[in-house]
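The values are calculated or read from the model by the stated rules, or taken from the named source; none is laboratory data. None of these values were measured; they are calculated from a predicted model. Here the Cβ is made from the backbone with ideal geometry for all residues, glycine too, and neighbour counts use every protein chain on show.
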């Protein structure tokens, strides 16, 4: 266990509560009122170690759990991911769970696979980690509609409709290792080059609502009951294809969806509940539509444009908060300070359903063309915002707080960076600048960013990482530094870095590679469950010919890049 000695006194009153159950008393004065018999005391449950304690279902203990740990000879309470233990001298010690290496729980391949399918282009996972959906970008099947497993009669392998695209849904029971195909989803009238799933894939927290975008500028909403999926509606606006209309985000409960059109040409400014963006007087200004659910139908609540609109800004949505009341949007072409430096716009919805723009954010060391690719993640409580700028070019590999000097050099083009902002009650305030510990030019660190619900654990993918290491490494491992330093793979093998925050300080915690990592695999499409226990990573150019879940990782026979997805246990980090 990791220990931190505190000088605070132990609060004995933790045993006291309020309600109406008594033992050896007929007049209980609290939730549990125990009167001693023969002057004996209350004995806490004895456990072999704190690491062994769970909620009974294999998950972390419930806050308020009290035990006596035999190995350290201390009485301890579990609060907010840590154990507070009483020492013999009256002080307390904070005992953090012993870190453990990331473990690949499942290696996911679809039952139908061909060269250049790019399975894993987009990946999503439900909050409980038991449902995942994966885009197979160039799947060329002529199948139409939804097929439940087994996929007999689906035409899923016929290859007669080039790059039509598809989405596979996989599920498992109660966090077991074994995933299985649950459904194979296509739009009802597929055509060649639809690339179904290319322009967005988003899932509600319970895994029961799925939104899929296509190159043709049409978005599709699906819902699940039990294991049965149903297409509920399709959504498009104006010239959906040319405007690049696509789903941007979905709230945790699935009731709010943000759609964006980065190439829409409206010159409108501000927010209009019924706006449609049809004026066409601008040029690639972009816009966002908010839809809300009533029954099994979603309808428009707001049409959102920023307060500053210019040609080629490409304004579009990125992230919704868990409750759907905060929208994070981007303008990659925003150039108020430097050309195409990019900016983040924050919008908030009040209880009456009215949206307002609340903030414009530019990173502290914004540089020309940094805005070319921006990713964001918002913590579940809406208080921590991570902004990934994969085209940032500083040559440092440091983590620097807002009080330090943020570098402005451009000595490592496209090395990438992540910026952490905290909400202070009125706006997001810059907290920390994070670089990969092995930062190099063209690593594209920040390709993907994912925060846990509490905002204290951050996952960042690095598309261009070229380490030839395999598996996961904790920052304290003997092999961690060597894995970071390795550059023997060809470019874009891909990797994921993990960072943790404690008392406002961010530190590198782990480095994760595919167990069968190879050059050009592009191990970088990420999402994490809100509790931070399960990470899903797509590698769109992985080359195994396997069509069996969990098998054939060592195969490299599909040179065009078939793709694979990895489900990784990161609960121990």
Looking only at region 477-495, decide whether some residue is farther than 25 Å from residue 328 by Cβ, without any contact (Cβ under 8 Å) to a residue 24 or more places away in the chain and outside any loop (DSSP other than H, G, I, E, B).
yes
Just for region 85-104: of the residues that are surrounded by 20 or more Cβ atoms within 10 Å (Cβ to Cβ) and touching a residue at least 60 places away in the same chain (Cβ under 8 Å), which one is nearest to residue 537 (Cα to Cα)?
104
Selection over region 158-191 where residues are free of Cβ contacts under 8 Å to residues at least 40 places away in the same chain and in a loop (DSSP other than H, G, I, E, B) yields a count of 8
Being within 19 Å of residue 73 (Cα to Cα), outside any loop (DSSP other than H, G, I, E, B) and modelled with pLDDT under 55 is the filter here, so list the residues in region 1-60 that pass it.
2, 3, 4, 5, 6, 12
Regarding residue 253, is this residue part of a loop (DSSP other than H, G, I, E, B) and over 23 Å from residue 307 (Cα atoms)?
yes
Which fully enclosed strands (runs of 3 or more DSSP E) of region 314-421 have 2 or more residues being under 18 Å from the mean Cα position of the chain (by Cα)?
316-320, 326-331, 374-378, 384-389
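For every residue, the table says whether it meets (1) surrounded by fewer than 21 Cβ atoms within 10 Å (Cβ to Cβ); (2) closer than 24 Å to residue 147 by Cα.
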residue: 206; (1), (2): yes, yes
residue: 215; (1), (2): yes, yes
residue: 228; (1), (2): yes, yes
residue: 238; (1), (2): yes, no
residue: 242; (1), (2): yes, no
residue: 255; (1), (2): yes, no
residue: 273; (1), (2): yes, no
residue: 281; (1), (2): yes, no
residue: 286; (1), (2): no, no
Count of residues meeting criterion [part of a loop (DSSP other than H, G, I, E, B) and farther than 17 Å from residue 239 by Cα] in region 260-295:
5
Consider residue 326 carefully, then state whether it is over 30 Å from residue 410 (Cβ atoms), touching a strand residue (DSSP E or B) at 6+ places or on another chain (Cβ under 9 Å), at pLDDT 95 or above and surrounded by 23 or more Cβ atoms within 10 Å (Cβ to Cβ).
no
When residues of region 296-313 are filtered for being touching a residue at least 40 places away in the same chain (Cβ under 8 Å), part of a loop (DSSP other than H, G, I, E, B) and farther than 22 Å from residue 426 by Cβ, how many remain?
2
Inspect region 239-251 for any residue being in contact with a helix residue (DSSP H, G or I) (Cβ under 7 Å, 6 or more places away or on another chain) and closer than 15 Å to residue 329 by Cβ and give the result as yes or no.
no
When region 87-128 is checked residue by residue, the ones that are assigned to a loop (DSSP other than H, G, I, E, B) and closer than 30 Å to residue 68 by Cα are 87, 88, 89, 90, 91, 97, 98, 99, 100, 101, 102, 128
Cβ-Cβ distance below 6 Å, separation of 6 or more or different chains: which pairs start in region 57-68 with a residue that is within 15 Å of residue 46 (Cα to Cα) and end on one that is assigned to a strand (DSSP E or B)?
61/78; 65/78; 66/77; 67/47; 67/76; 68/46; 68/75
